[in-house]
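Down below is the structure, laid out as structure tokens.
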Amino acid sequence: VFALTLPPNWLVVAPRAIVTTGENIFSWQARAENEWPGLAHFAEAVRAVSHFIQALPALYDADLNQLYLMGFSQGAAVAFATAIAQPGLFKGIASLVGFTPLQIDEAMAMAVLRGTAVFMAAGLQDERIPLPVAQASAEAVRAMGATLEYREYDTGHKLNIEGMRHLKSWWAER
């Protein structure tokens with residue numbers, strides 16, 4: 001559904017998360033409720049996404065100089081972890097009701113997202129990513145040097161219509 005917010009000529013690819021947590025249910029990293037994983041917890045997911053990205057030119061004739069990441073919830077954390085692991089590779093990140101991994105002090109000190117456009121959407125009533133976690137993540141993204149557009153919406157763990165409009169507008173500016 002989020003692909004509908006993108007410009008029509010963009011290539012959209014969506015890798016499946018690597019951890020099976022149930023029948024046809026996948027996750028990027030196994031996590032207990034209310035556990036906020038550190039950067040190292042996403043190492044396997046970052047390797048999988050990085051491998052996937054390197055295959056894009058051969059599979060789709062994709063231009064690796066025009067890469068953006070978009071992730072929902074834990075997928076947003078994987079997007080941030082991947083961008084931290086490969087500074088400068090991505091032009092932007094759309095984080096939809098997600099969070100940044102913990103233990104990113106070095107990434108903040110080195111401002112590894114300098115020059116990276118970031119859209120972050122948070123739900124005021126999000127039961128999975130509480131607002132203080134989203135707000136702290138936004139501050140971490142700013143500390144990493146990103147150009148951040150952070151927005152809060154009157155919704156739970158989803159992106160509402162207003163958020164979809166803002167996301168579409170943000171993509172149109174790219």
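Read the figures in this text as sums done on the coordinates, not as results from a lab. Not measured: the values here are computed from a predicted model. When we count neighbours, we look across all protein chains shown, and the Cβ atoms used for this are built from the backbone with ideal geometry, even at glycine.
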How big is the charge dipole of the range 134-174 about its Cα centre, in debye rounded to the nearest 20, if each Lys and Arg gets +1 on its Cβ and each Asp and Glu gets -1 on its Cβ?
160
So how far, in whole Å, is the C-alpha centre of the range 103-174 from the one of the range 64-93?
12
GluC sites (Glu not before Pro) in the range 100-174 lying in a DSSP loop, each with at most 15 other Cβ atoms within 10 Å of its Cβ, come to GLU127, GLU173
Identify which of SER137, SER95, SER50 has the largest mean-square fluctuation in a Gaussian network model of the chain, with springs joining Cα atoms closer than 10 Å.
SER50
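Can you list the trypsin sites (Lys or Arg not before Pro) in the range 6-65 that are in a DSSP coil and have 11 or fewer other beta carbons within 10 angstrom? Intermediate results must be reported in sequence, preceding the final value.
Details: sites: ARG16, ARG31, ARG47; in loops: ARG16, ARG31.
Within the range 6-65, the qualifying trypsin sites (Lys or Arg not before Pro) (loop, at most 11 other Cβ atoms within 10 Å) are ARG16.
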Using a 10 angstrom cutoff on alpha carbons, build the Gaussian network for the chain and name the most mobile of ALA134, ALA62, ALA121.
ALA62
GNM flexibility winner over the chain from VAL133, VAL46, VAL12 (Cα, springs under 10 Å):
VAL12
Within 13 Å, Cβ to Cβ, of VAL118, how many net charges do the neighbouring residues add up to if Lys/Arg are +1 and Asp/Glu are -1?
+2
Dividing the helical contributions, -39500 (n - 2.57) per DSSP H run of n ≥ 4, by the residues of the chain yields a 222 nm value, nearest 500 deg cm²/dmol, of -10500 deg cm²/dmol
Quick one: dipole size for the chain, taken about the Cα centre, charges +1 on Lys/Arg Cβ and -1 on Asp/Glu Cβ, in debye to the nearest 20.
340
With a cap of 15 neighbouring Cβ atoms within 10 Å, and only residues DSSP puts in a loop, list the GluC sites (Glu not before Pro) found in the range 1-85.
GLU23, GLU33, GLU35
